[in-house]
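Worksheet for the structure shown next.
The values are calculated or read from the model by the stated rules, or taken from the named source; none is laboratory data. If you're wondering where the values come from, they're calculated on a predicted model, not measured in any experiment. Cβ sites come from the backbone with ideal geometry, for glycine too, and all protein chains shown count toward neighbours.
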Amino acid sequence: MEKDQYYMNLALQEAKKGRFQTLVGAVIFKELKIKEINLLTNNPDKIDQLNDYGIKINKRIPLELAPNDVDRFYLQTKKKRFHHLLELKEAE
């Protein structure tokens, strides 16, 4: 469980940073009068946050590679605990 907590702490730090970055992005979009975007993300919270800021997401473009031994647990944690939109297909 310690390893899970370690990865959760990293993910929480990333999530907090991501909320601020999403806000900054939304402000920039508004300043540039951009109302709709195609978004590269696996994070459903980012989609919701941008929608809340008035930015319409036309299309979500997933960012995913097959997990490896180094990042598999981290990605499983992101999917399970943060509901990231990941399929986690195994490498061929």
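Keeping to segment 56-90, report how many residues are in contact with a strand residue (DSSP E or B) (Cβ under 6 Å, 6 or more places away or on another chain) and part of a loop (DSSP other than H, G, I, E, B).
Total satisfying the criteria: 1.
Inside segment 56-78, can you point out the residues that are charged (D, E, K, R) and closer than 25 Å to Ala26 by Cβ?
The answer is Lys56, Lys59, Arg60, Glu64, Lys78.
Which of the numbered conditions does Ile34 fail, given that it passes all the others? Conditions: (1) under 21 Å from Gln21 (Cα atoms); (2) within 16 Å of the chain's Cα centre (by Cα); (3) part of a loop (DSSP other than H, G, I, E, B).
Unmet for Ile34, out of (1) under 21 Å from Gln21 (Cα atoms); (2) within 16 Å of the chain's Cα centre (by Cα); (3) part of a loop (DSSP other than H, G, I, E, B): (2).
Can you give me the number of residues within segment 46-91 that are surrounded by fewer than 12 Cβ atoms within 10 Å (Cβ to Cβ) and among the aromatic types (Phe, Trp, Tyr)?
Count: 0.
Name the residues in segment 15-45 that are at pLDDT below 70 and either loosely packed, with under 14 Cβ neighbours inside 10 Å or hydroxyl-bearing (Ser, Thr, Tyr) (or both), would you?
Lys16, Lys17, Arg19, Phe20 - these are the residues of segment 15-45 that are at pLDDT below 70 and either loosely packed, with under 14 Cβ neighbours inside 10 Å or hydroxyl-bearing (Ser, Thr, Tyr) (or both).
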